[in-house]
Amino acid sequence: MKLRSLAVTTAGVAVMTLVLAACGSDTPTATPSPTTAPIAQSSAAGGSIAPSDTETSSAGDSAAPSSSEGSAAPTGSEGSAAPTDSEGSAAPESSDGGVAPGSDATLTIWADDTRAKPLGEIAKKFTAETGAKVTIVQKDFGKMRDDFISQAPTGKGPDIVVGAHDWLGKLVQNGVVAPLELGDKAGQFQDVAVKAMSYDGQVYGLPYAVENIALVRNTALAPNAPKDFADAVATGQALVQAGKAKFPFLVQQDAKSGDAYHMYPFQTSFDAPVFGTNADGSYNSKDLAMKGANGEKFAAFLAKYGKEGVFKDTITADIAKDAFSKGQSPYIVTGPWNTGDFTKAGIKFTVEAIPSAGGQEAKPFVGVQGFFVSSKSKNDLLAKTFVLDYLSTEDVQLSLYKSGGRAPALTSAFEQIKADPVIAGFGAVGAKGTPQPGIPAMDAVWSDWGTTELALIQQKGDPKALWDKMATTIESKIAKG
């Protein structure tokens with residue numbers, strides 16, 4: 001394998017481009033961590049590259065220089081790529097549209113640090129088999145959606161982007177994402193994952209990972225699963241009174257914005273989902289289902305346990321994780337991204353359903369990660385081939401799991417890892433969860449929702465009045481668009 005590296009400095013930003021001459025290997029290498037990604041990532045050649053403003057290019061046997069080897073266009077401070085060959089018009093087109101396999105076209109993929117390395121591995125195989133290059137640009141995940149929306153129409157965005165399903169409403173609204181026809185492949189993925197990657201009945205993304213929160217129980221402090229939330233709190237308070245615990249039950253909060261995401265399972269147990277649904281199961285933005293009597297009961301619940309000190313605005317995400325890691329609470333509501341730290345701390349725990357507070361089943365939001373193809377891509381056919389035929393395989397989905405710690409959306413891949421009790425526990429809870437809404441109206445919900453819940457915990461008003469005011473405000477914002 002031949003490796004060349006060239007450092008290009010443009011507008012004060014150093015860009016390291018790695019151009020691989022692929023040796024024809026057909027097997028992607030599975031590469032291993034949730035949440036805490038390494039600072040440096042490996043390139044598709046197995047080397048190491050800087051964590052941002054970075055491109056990794058997988059080229060054919062006689063690879064043409066990437067654009068950064070010529071007169072490079074300025075790169076953005078957030079890792080936006082210099083224009084690649086895919087932005088030109090020299091590549092031959094197939095009869096179906098897009099660029100024909102075997103051409104010397106380039107696909108550009110945006111990914112964050114945890115996904116870039118395994119994608120680099122499969123890019124080598126794609127290049128060997130099609131002759132097309134793949135440039136992977138490492139981006140800040142928190143900025144990727146908005147950068148994609150702003151850059152795709154200019155021709156400087158990627159052909160493929162890895163992202164969360166709840167981006168979908170904004171992506172469709174802005175016309176930057178192309179539909180995907182999964183066909184028979186749809187049945188190979190978890191149903192909740194395919195639904196999450198759909199908008200108005202059309203699938204737009206290939207799911208690769210599913211994640212959700214659940215109850216993590218310290219089995220040394222609480223040997224038995226709680227019957228419901230009241231039972232869990234009673235157990236926790238007894239342990240606190242006995243000096244064996246510091247907190248009866250941990251649910252993280254932000255001191256300024258609350259945390260509606262972590263509170264949502266309790267809300268659903270009062271039969272107060274955020275939105276109602278249409279006949280096809282999609283969310284109906286005109287039906288704010290958490291408005292009304294059931295939502296008001298949930299508001300009273302928050303006020304009650306805020307007054308008792310079970311829910312606290314001082315329990316941040318870090319404080320909650322640290323307290324549980326030190327054995328200071330029998331219960332925490334969290335996701336798989338924290339369980340590695342619990343294991344390292346020597347905590348014996350199990351993962352199970354979040355206890356109901358309102359009598360109905362507590363259903364967390366399910367988040368799905370996947371791959372989207374830009375509707376502005378000049379390599380539409382090639383991009384869809386890469387996504388549908390290369391990223392949907394068991395090996396690739398397992399490699400992405402090892403890199404990011406998120407359970408695979410592909411059923412056969414999940415079957416291979418479900419022997420892990422932690423993965424199985426979260427998977428079982430997620431299977432009964434509900435996709436986090438990806439509709440544009442959701443942007444009008446989060447802020448007032450979270451701050452109202454926080455106000456209820458802080459005893460800042462009558463629960464019914466605060467909740468009704470929140471609902472009216474949210475409906476008004478949705479109506480204004």
Those residues of the stretch 270-296 which are surrounded by fewer than 20 Cβ atoms within 10 Å (Cβ to Cβ) and not polar (S, T, N, Q), in sequence order: Asp271, Gly276, Ala279, Asp280, Gly281, Lys286, Asp287, Ala289, Lys291, Gly292, Ala293
Cross-chain or 6+ apart pairs with Cβ under 9 Å, the stretch 247-259 first and at positive phi, then among the charged types (D, E, K, R) and buried (at least 23 other Cβ atoms within 10 Å of the Cβ): Gly258/Glu453
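So that you can scan it fast, the table gives a plain yes or no per residue for (1) out of contact with any Lys or Arg (no Cβ under 9 Å at 6 or more places or on another chain); (2) at pLDDT 95 or above; (3) more than 17 Å from Ile439 (Cβ to Cβ):
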| position | (1), (2), (3) |
| --- | --- |
| Lys170 | no, no, no |
| Gln173 | yes, no, no |
| Leu180 | no, yes, yes |
| Asp184 | yes, no, yes |
| Asp200 | yes, no, no |
2 or more residues assigned by TED's automatic domain parsing to the domain that holds Lys124, more than 27 Å from Asn224 (Cβ to Cβ) and hydrophobic (A, V, I, L, M, F, W, C): qualifying strands (runs of 3 or more DSSP E) within the stretch 296-412: 365-373
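Condition check: surrounded by fewer than 18 Cβ atoms within 10 Å (Cβ to Cβ), more than 21 Å from the chain's Cα centre (by Cα) and of a type in the set (Gly, Ala, Ser). Does Ala317 satisfy that? So that I can check it myself, show each step before the final result.
Values: surrounded by fewer than 18 Cβ atoms within 10 Å (Cβ to Cβ): yes; more than 21 Å from the chain's Cα centre (by Cα): no; of a type in the set (Gly, Ala, Ser): yes.
Criteria not met by Ala317.
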Count of residues meeting criterion [over 29 Å from Leu168 (Cβ atoms) and of a type in the set (A, V, I, L, M, F, W, C)] in the stretch 279-302: 5
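The values are calculated or read from the model by the stated rules, or taken from the named source; none is laboratory data. Here the structure is a predicted model, which means the values were calculated and not measured. Positions of Cβ are generated from backbone atoms using ideal geometry, with glycine treated the same way; all protein chains shown enter the neighbour counts.
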